[in-house]
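Student: Have a look at this one.
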Amino acid sequence: MRAHRLLLLFVLIFSITACSKKTDNTSTPTPPINPVNPTPSFDPNAIRAVWITTTASTALNSLDNIKQTVANCKAAGINNLFVVVYNNARTTYPSTVMQNLLGVSIAEAFTGRDPLKEIIAEAHAAGLKVHAWFEYGFASSYSANGGAIIKAKPDWAGKDINGVLLSKNNFEWLNAFHPDVQNYLLSLIKEVVINYDVDGIQGDDRLPAMPSTGGYDDYTVGLYKAANNGANPPTTYSDVNWVKWRAGLLNTFMKKIKTEVKALKPKMLVTMAPSVYPFSLNEYLQDWPTWVDSGWVDAILPQIYRYDIASYTTTLTQQKTALKGNTANCYPGVLLKSGTYLPDDLFLTQMLQQNRLQGFKGESFFFYEGIKDKLNFFQTQYPYIK
């Protein structure tokens, strides 16, 4: 009898324990593990751009190439294309201005095509903006003794203190202060603005610009004398007041570009990609902080082309100082490829992190071929850099 009671007690205790464990398991289920999907940190309103040129690139050489270029840029997170329309005394679109000046309406490699029209159509279909980039600006040629333009218009040549053709880093220069030369460049700009559905126009370290060793041609000397009681310009090209006076002439032209472009199409963006300041002023007479302060540009893209993070950071800080801390409409130019050079992923990441750290929300890359070479980086890392 006693054994029977012990057996019943054992069964009861076992049943209660089993029920308790079952209840505990069902009341505290293991939560499911959800995969983490990182969210891109891009500012939707920021410019993320790339320069597309014809030098060391076949991006514009065919419609198929243009389609691939646009597809690669879209995949890379690029939203603005700065497309060359003028270099080496040639255009990448059929130009009446060039036809009238030189008898050649378009770069010979593009005869029978209109690469500018083609890339606008493809880019807009993909949701990307296109800016007409006047790459050579006031430079007439590269290692060609002035090339076709100065041959046709000798009085348009820039001159140094010795009275010879103005040259710097193998580029030969037109006289950026001469009204006929200015009207020529402005006519090219307006031709594109009127005839093409571009989203903006852009100059760089050659527009508006001129080497500070220039300004010794007869026209500019006469202009200086008229403004300075008959005195000749200083023979020292780096004289502070001489630099300031010539930079002021380019400032006036910058204002004219903005005014005339906006008169044609008020929503057209006017952007400039000058050298870094103060190098830009001392070497190329580009007083671009004044352009920003005066509202003559919608965005500025200083070329911060450096090969180590210390130099990049220092130069970026200098540009922020020149902007008086206002980074809203500044997008640093980042060197992505030059010859065989490509920054490694770490250095590229460090530069982009510095941009964000100092308040710059976007950037532009020089140049498209680097986007191709580092497409994996742009697809997997660029969108998430903070």
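No value in this document is a laboratory result; all are computed from the given coordinates. Treat the numbers as computed from the prediction; the structure is a model and nothing was measured. Positions of Cβ are backbone-derived with ideal geometry, glycine not excepted, and every protein chain shown enters the neighbour counts.
Student: Region 99-119 to region 289-323: how many Å between their Cα centroids?
Tutor: Cα centroid to Cα centroid, the span is 34 Å.
Student: Regarding region 261-308, what whole-number volume in Å³ per residue does the convex hull of its Cα atoms give? Walk me through the numbers before you get to the answer.
Tutor: Working: hull volume 4.2 nm³, N = 48.
It comes to 88 Å³ per residue, whole-number rounded.
Student: Right, here's the next one. Okay, helix-only estimate at 222 nm for the chain: each DSSP H run of n ≥ 4 adds -39500 (n - 2.57), divide by all residues, round to 500 deg cm²/dmol; what do you get? List each step's numbers first, then the result.
Tutor: Values: 14 runs with 166 residues, N = 386.
Calculated from helices alone, the mean residue ellipticity at 222 nm is -13500 deg cm²/dmol.
Student: Okay, next question. From the P(r) of the chain, could you give the percentage of C-alpha pairs in the tail past 31 Å?
Tutor: Percentage above 31 Å: 43.
Student: Kindly put 283, 363 in sequence by how many other C-beta atoms sit within 10 Å of each C-beta, fewest to most.
Tutor: Ascending Cβ contact count within 10 Å gives the list 283, 363.
Student: Where a ≥ b ≥ c are the square roots of the eigenvalues of the C-alpha gyration tensor, would you call region 65-114 rounded, which needs a/c under 1.5, or, failing that, prolate if a/b is larger than b/c, or oblate? Write out the running numbers ahead of the final one.
Tutor: Numbers: a/c = 3.88, a/b = 2.50, b/c = 1.55.
Because a/c hits 1.5 or more and a/b exceeds b/c, region 65-114 counts as prolate.
Student: Kindly flag which residue pairs out of 129/255; 129/256; 67/129; 267/361; 337/361; 265/320 have an alpha-carbon separation exceeding 19 Å in this structure.
Tutor: On the way: 129/255 24 Å; 129/256 24 Å; 67/129 14 Å; 267/361 22 Å; 337/361 21 Å; 265/320 30 Å.
Too far apart for the 19 Å limit: 129/255; 129/256; 267/361; 337/361; 265/320.
Student: Can I ask one more? Treating region 229-379 as a set of equal point scatterers at the Cα positions, no solvent, please give the Debye-formula log₁₀ I(q)/I(0) at q = 0.13 Å⁻¹.
Tutor: -0.68
Student: Springs between alpha-carbon pairs under 10 angstrom, Gaussian network model over the chain: which of 170, 228, 61 fluctuates most?
Tutor: Result: 228 has the largest fluctuation of those listed.
Student: Now, a different point. Ranked by Cβ crowding within 10 angstrom, fewest neighbours first, how are 235, 69 ordered?
Tutor: Values: 235 9, 69 26.
Starting with the residue having the fewest Cβ neighbours, the order is 235, 69.
Student: Another question, if that's okay. Under 19 Å between alpha carbons, and skipping anything fewer than 8 positions from residue 324 in its own chain: which aspartates and glutamates qualify?
Tutor: Straight-distance partners of residue 324: 287, 293, 298, 363.
Student: Here's something else I'd like to know. Treating the angle as unsigned and between 0 and 90°, give the value, to the nearest 10°, between the Cα long axis of helix 309-322 and the longest Cα principal axis of the chain.
Tutor: The two axes meet at around 60 degrees.
Student: Now for a separate question. Summing +1 for each Lys or Arg and -1 for each Asp or Glu, what net charge is found among the other residues whose Cβ lies under 11 Å from the Cβ of residue 363?
Tutor: Once all neighbours under 11 Å are counted, the net charge is +3.
Student: Next up: Which residue, 76, 227, 157, has the most motion in a Gaussian network model of the chain that connects Cα atoms within less than 10 Å?
Tutor: Top of the fluctuation ranking is 227.
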